[in-house]
1. B:Ala20: buried (at least 22 other Cβ atoms within 10 Å of the Cβ) and either away from chain A (no Cβ under 14 Å) or within 17 Å of the chain's Cα centre (by Cα) (or both), yes or no?
2. With the condition kept exactly as written, say whether any residue in the range B:121-134 is away from chain A (no Cβ under 11 Å), touching a Lys or Arg at 6+ places or on another chain (Cβ under 9 Å), crowded, with 23+ Cβ neighbours inside 10 Å and β-branched (Val, Ile, Thr).
3. Taking the criterion of being in contact with a strand residue (DSSP E or B) (Cβ under 8 Å, 6 or more places away or on another chain), over 19 Å from B:Ile63 (Cβ atoms) and among the polar types (S, T, N, Q), would at least one residue in the range A:65-76 satisfy it?
4. Here is a list: A:Val7, A:Val69. Which entry is within 14 Å of another protein chain (Cβ to nearest Cβ), touching a residue at least 12 places away in the same chain (Cβ under 8 Å) and either closer than 24 Å to B:Asn106 by Cα or assigned to a loop (DSSP other than H, G, I, E, B) (or both)?
5. Can you tell me which residue among B:Asn186, B:Asn147, B:Asn180 is more than 19 Å from B:Leu99 (Cβ to Cβ) and either surrounded by fewer than 22 Cβ atoms within 10 Å (Cβ to Cβ) or more than 12 Å from the chain's Cα centre (by Cα) (or both)?
6. For the range B:160-172, indicate whether the set of residues that are more than 20 Å from B:Ala132 (Cβ to Cβ), surrounded by fewer than 19 Cβ atoms within 10 Å (Cβ to Cβ) and in contact with a Leu (Cβ under 9 Å, 6 or more places away or on another chain) is non-empty.
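Coordinate-derived values only; no laboratory data. Since this is a predicted model, take the numbers as computed values, not measurements. Positions of Cβ are backbone-derived with ideal geometry, glycine not excepted, and every protein chain shown enters the neighbour counts.
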Amino acid sequence: MKARVVVTLKSGILDPQGKAIEGALKSLGVEGVASVRQGKVFDVEFAGADASAAKAQLQAACELLANTVIENYRIELP
Amino acid sequence: MKAAVVVFPGSNREGDMARALKQATGREPTMLWHADHELPADTDLVVLPGGFSYGDYLRCGAIAGRAAIMDAVRAHAARGGLVLGVCNGFQILCESGLLPGVLMRNANLRFVCRMQHLKVERNDTAFTRHYAKGQTIEVCIAHGEGNYEADDATIERLEGDGLVAFRYCDSAGNVGGDANPNGSRNDIAGIYSDRRNVLGLMPHPENLIDPLVGGIDGRALFESLASAA
């Protein structure tokens with residue numbers, strides 16, 4: 001079973017990389033961009049098919065995958 | 001003073017740190033491996049040196065902060081033992097929960113490697129008693145992620161409880177402005193734990209211990225530690 005963890009910066013946390021990407025998009029002529037925030041995606045594959053067990057394991061994994069001082073995370077299961 | 005230096009895969013300042021400790025204490029520190037589970041008996045000081053542990057993968061210090069040896073380091077700190085983290089070591093201390101907050105990418109996105117002045121906030125700690133309060137010192141910095149960030153309540157607590165150890169300043173001692181190399185909140189270069197037995201800082205005092213390399217302003221930190229235990 002494939003799961004996905006999406007880690008994003010909390011609002012209010014300065015994201016200089018997102019800012020630089022935003023500037024680059026504008027210079028490429030991409031129109032209508034109000035802002036860009038950079039995040040991370042982790043695709044985690046489990047050997048079994050038990051979604052609730054996988055969710056519990058991913059909750060534990062997020063202690064490492066995200067730093068909740070500055071980041072939020074979202075667990076996506078099929 | 002019995003010191004131990006923890007080496008992680010990707011640490012690269014452990015030799016400089018060992019040299020500074022040897023100069024100040026007169027004895028070689030024990031070098032520990034990240035996979036070790038115990039500190040040598042009677043360890044007074046544990047040092048997490050600079051470098052790029054685990055290639056800075058995931059977040060700087062994130063994987064090292066959860067290494068096997070860190071349980072022993074946490075227990076040492078809980079007993080009131082001294083812990084020093086420099087540069088990547090500071091990042092590891094934040095990721096391990098021994099210090100609050102996080103070191104983010106420098107606000108200007110550049111890796112900065114240069115000499116840097118710091119203001120010593122207080123000189124009544126095990127790390128700074130050989131400095132004067134408010135003294136301006138010159139050491140060096142070399143980091144891409146030294147932008148200290150924490151929530152407002154944490155910053156207020158650090159300031160209110162006198163837990164800021166060093167701030168970035170210019171040669172005249174003026175804190176902040178262009179002297180802040182990385183966008184760090186309140187120009188913070190280093191912080192203490194609540195009991196001031198854990199210190200994390202981005203600058204490298206261990207590199208300024210010999211006139212040959214342009215200054216010895218880092219020596220007093222190690223001399224302070226040598227006389228602390």
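1. On the way: buried (at least 22 other Cβ atoms within 10 Å of the Cβ): yes; either away from chain A (no Cβ under 14 Å) or within 17 Å of the chain's Cα centre (by Cα) (or both): yes.
Judged against the criteria, B:Ala20 is a match.
2. The answer is yes; a qualifying residue exists.
3. Step one: list which residues in the range A:65-76 are in contact with a strand residue (DSSP E or B) (Cβ under 8 Å, 6 or more places away or on another chain), which gives A:65-67, A:69-76.
Filter once more, so that each one left must be over 19 Å from B:Ile63 (Cβ atoms): A:72, A:74-76.
This time we only want the ones that are among the polar types (S, T, N, Q), so: A:72.
Yes, that holds for at least one residue.
4. Numbers: A:Val69 fails: touching a residue at least 12 places away in the same chain (Cβ under 8 Å).
Residue meeting the stated conditions: A:Val7.
5. Details: B:Asn186 fails: more than 19 Å from B:Leu99 (Cβ to Cβ); B:Asn147 fails: more than 19 Å from B:Leu99 (Cβ to Cβ).
Matching residue, one of B:Asn186, B:Asn147, B:Asn180: B:Asn180.
6. Of all residues in the range B:160-172, those more than 20 Å from B:Ala132 (Cβ to Cβ) come to B:160-161.
From the residues that got through so far, the ones that are surrounded by fewer than 19 Cβ atoms within 10 Å (Cβ to Cβ) too are B:160-161.
Subset that is in contact with a Leu (Cβ under 9 Å, 6 or more places away or on another chain): none.
No, the range B:160-172 contains no residue that is more than 20 Å from B:Ala132 (Cβ to Cβ), surrounded by fewer than 19 Cβ atoms within 10 Å (Cβ to Cβ) and in contact with a Leu (Cβ under 9 Å, 6 or more places away or on another chain).
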